[in-house]
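Here's the structure we're looking at; comments come further down.
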Amino acid sequence: MASIMKKFIAEVIGTFVFLGVIIVSVAGKSLTVADKAETWIKIGLALSIAILLIGNISGGHLNPCVSIMFYLHKDLSFEELIIYILAQVIGAVLAVTMYKMMY
């Protein structure tokens, strides 16, 4: 059970970091072509860093669609799938909440 808790926490943190960068990069901005290129680089780096930080713990799914794919491939049990999706939703809600509190 301790292992699934580590995975849960890793997915919450990873999703929070990844979506936090996305939200801060694009929210309320009209982006020029140069800004769009910079934004894609930021998002790609945030995803890469989040996966590098938590990938060895949870696999670094960070997205319910990725978790569903692993479930369909039979690499996750149904219980793990629910835990992963719950963690990702919590991470996303925390990222939006923090953004709203900051801005």
What is the chain's relative contact order, in percent, from Cα pairs under 8 angstrom and six or more apart in sequence?
-> 45 percent
Total charge dipole magnitude, the chain, about the Cα centre, Cβ charges on Lys, Arg, Asp, Glu only, Debye to nearest 20 | 180 debye
Distance in nm between label sites at CYS65 and TRP40, each 7 Å beyond Cα in the beta-carbon direction?
-> 1.7 nm
Counting each DSSP H run of 4 or more residues in the chain as -39500 (n - 2.57), what helix-only mean residue ellipticity at 222 nm follows after dividing by all residues, to the nearest 500 deg cm²/dmol?
-> -28500 deg cm²/dmol
Report the residues of region 67-103 in range of a label on ILE4: point 7 Å along Cα→C-beta, backbone N strictly under 18 Å from it.
-> 67-68, 70-72, 74-90
Between VAL96 and HIS73, what FRET efficiency comes out of the Förster formula 1/(1 + (r/R0)^6) with R0 = 35 Å and r the beta carbon distance, rounded to 0.05?
-> 0.75
So which trypsin sites (Lys or Arg not before Pro) in region 17-103 are both in a DSSP loop and have at most 11 other Cβ atoms within 10 Å of their Cβ?
-> LYS29, LYS74
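Values quoted throughout were computed directly from the atomic coordinates according to the rules given, and no laboratory measurement underlies them. Everything quoted here is computed from the prediction, not taken from an experiment. Methodologically, a virtual Cβ is constructed for each residue, glycine included, from the backbone with ideal geometry; neighbour enumeration extends over all protein chains shown.
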